[in-house]
1. If you check 17, 27, 44, which single one turns out to be over 23 Å from the mean Cα position of the chain (by Cα) and of a type in the set (Phe, Trp, Tyr)?
2. Considering the range 33-46 alone, what residues qualify as being part of a helix (DSSP H, G or I) and surrounded by fewer than 10 Cβ atoms within 10 Å (Cβ to Cβ)?
3. Are there any pairs with C-beta distances below 9 angstrom linking a residue in the range 1-22 that is touching a residue at least 60 places away in the same chain (Cβ under 8 Å) to a residue that is surrounded by 10 or more Cβ atoms within 10 Å (Cβ to Cβ) and assigned to a helix (DSSP H, G or I), with the two at least 6 apart or on different chains, and if so which?
Amino acid sequence: MSSSTHAAVIERQTERWKARAQAKQKWLERALAAPTKSSADAKWREQWIKDALAAVKRGQVELQYRAGLTDIYAGHLSVLEMTLMAAAEQKPKSTQT
């Protein structure tokens with residue numbers, strides 16, 4: 001896959017994720033704006049909000065962990081790139097037989 005094709009695929013995937021996130025945000029806003037019908041419904045909603053908030057916090061922690069790994073890996077790839085570029089610039093050593 002060429003880099004331009006790969007970039008286009010990533011761009012489409014990014015746009016789908018953005019659209020999905022926006023749709024979920026709108027759904028959440030509508031659901032939270034709806035009035036509760038009873039005290040049991042209010043208690044259920046309160047618990048659902050607590051559970052959802054805990055899930056969001058777990059997701060944030062997981063993303064921070066993955067971002068750290070990605071940063072380390074990106075640094076490693078940069079070092080490899082510099083090493084390989086330096087090797088490519090060296091004049092080939094003549095072999096003696």
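Bear in mind these aren't lab numbers, they're just calculated from the coordinates by the rules spelled out. Because the structure is predicted, anything quoted here is derived from the model rather than measured. Ideal geometry is used to build each Cβ from the backbone, glycine not excepted, and the neighbour counts take in all protein chains shown.
1. Selected residue: 44, the only one of 17, 27, 44 that is over 23 Å from the mean Cα position of the chain (by Cα) and of a type in the set (Phe, Trp, Tyr).
2. Residues satisfying the conditions are 33, 39, 40.
3. Sorted first by the residue in the range 1-22, then by its partner, the list stays empty.
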